[in-house]
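Peer 1: This is the structure I want to talk about, given as structure tokens.
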Amino acid sequence: MGKDEMEDEMRSGKFETDDARIYYEVHGSGRPIVLLHGNGESHKIFEKYAIWFEKRGFQVILMDSRGHGHSLLKRTSSLEFTTQDMAGDVLKLLCHLGIDQVTLLGFSDGANIALEFASLYPKQTTEVIAVSGNAKPWGMLLPYYLFVGAEYAVAGIMREFCQDKRQRQKFNRSRMLNGLMFHSPDLTEERLGKIQAPTLLIAGTNDVIRVSHSQWMQRQIPGSRLVLLKKARHVDFLHKRERYLRVIERFLKEEKGTVIRQNNIRQDAGKSEAKAV
């Protein structure tokens, strides 16, 4: 399926929340899956992934997170927000589209949003695929976390003294993006334990997320699986799709064929596993 064919089957729109105007696209028909992008990105990173899922019978839902891509914040006071707020945007999108339950695939901050959603709204979640996500800001490698904190602080200072409107907007955006990573998510052991849907965690051994943190997350989420990709970096999800899609496809096939669900609760929830590939 080429890009033109995918666009022929696409519909797009926007809907309003209290703080933002959210842009979304819906491709194809079938089992709904929401793809959630990372910090500073947009839905466009998923173009190839969307084609892959649509060819396999999914209705692919793309959205730009608030303050990203075509999704605009309504006021400057809305610059400070959390991944919980963004998970709420996903729920509002599902209500807008009339969708009751959904599979979630998120990358980086999108993975954090997916996990937040699954914890907050377990009845609306069928599966979670979280790639290179973290449950706490300190899950990032220390040098990266400190860099994010420094960028957040500098942007806050510079915007106060900057007279040029365009430059001030640039510093506002930097503070928004870095503040999101520096202050959230806040997924505690208790909140991770509320995730009922079958969950696949994927991380790279050369990721910006600490391997030990990914392993800790997997232990907190009942029945979850962790796949560590050897020597994979954070950005490899964008450039080495086939490696990730093999893991994702195996997970989805196993869930469809072997997992028994009742009221959206996984019956083998006592089992967890982690492996490196």
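Peer 1: In this structure, is Ala87 out of contact with any Pro (no Cβ under 8 Å at 6 or more places or on another chain), closer than 19 Å to Gly38 by Cβ and either free of Cβ contacts under 8 Å to residues at least 60 places away in the same chain or of a type in the set (D, E, K, R) (or both)?
Peer 2: Yes: the conditions hold for Ala87.
Peer 1: Is it the case that some residue within the stretch 98-108 is polar (S, T, N, Q), closer than 29 Å to Gln169 by Cβ and touching a Leu at 6+ places or on another chain (Cβ under 8 Å)?
Peer 2: No, the conditions are met nowhere in the stretch 98-108.
Peer 1: Residue under question is Leu120, and the condition is that it be closer than 27 Å to His234 by Cβ and touching a strand residue (DSSP E or B) at 6+ places or on another chain (Cβ under 9 Å); does it hold?
Peer 2: no
Peer 1: Under the condition of being touching a Pro at 6+ places or on another chain (Cβ under 8 Å) and assigned to a helix (DSSP H, G or I), which residue from the stretch 170-188 is nearest to Ala111 (Cα to Cα)?
Peer 2: It comes out as Met181.
Yes/no per residue for (1) more than 27 Å from Gln59 (Cβ to Cβ); (2) out of contact with any Leu (no Cβ under 6 Å at 6 or more places or on another chain); (3) at pLDDT 95 or above:
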site: Leu94; (1), (2), (3): no, yes, yes
site: Ala111; (1), (2), (3): no, yes, yes
site: Gln124; (1), (2), (3): no, yes, yes
site: Glu127; (1), (2), (3): no, yes, yes
site: Ala135; (1), (2), (3): yes, no, yes
site: Gly156; (1), (2), (3): yes, yes, no
site: Arg159; (1), (2), (3): yes, yes, no
site: Ser174; (1), (2), (3): yes, yes, no
site: Gly179; (1), (2), (3): yes, yes, no
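Peer 1: Please note which strands (runs of 3 or more DSSP E) are completely contained in the stretch 191-277 and include at least 3 residues that are modelled with pLDDT of 95 or more and touching a strand residue (DSSP E or B) at 6+ places or on another chain (Cβ under 8 Å).
Peer 2: Once the strands (runs of 3 or more DSSP E) in the stretch 191-277 are filtered for at least 3 residues that are modelled with pLDDT of 95 or more and touching a strand residue (DSSP E or B) at 6+ places or on another chain (Cβ under 8 Å), what remains is 199-206, 225-233.
Peer 1: Moving to a separate point now. In this structure, is Met176 in contact (Cβ under 8 Å) with a residue 40 or more places away in the chain and either over 23 Å from Leu252 (Cα atoms) or not aliphatic (A, V, I, L, M) (or both)?
Peer 2: The answer is yes for Met176.
The values are calculated or read from the model by the stated rules, or taken from the named source; none is laboratory data. Everything numeric in this text was worked out from a predicted model, so none of it was measured. When we count neighbours, we look across all protein chains shown, and the Cβ atoms used for this are built from the backbone with ideal geometry, even at glycine.
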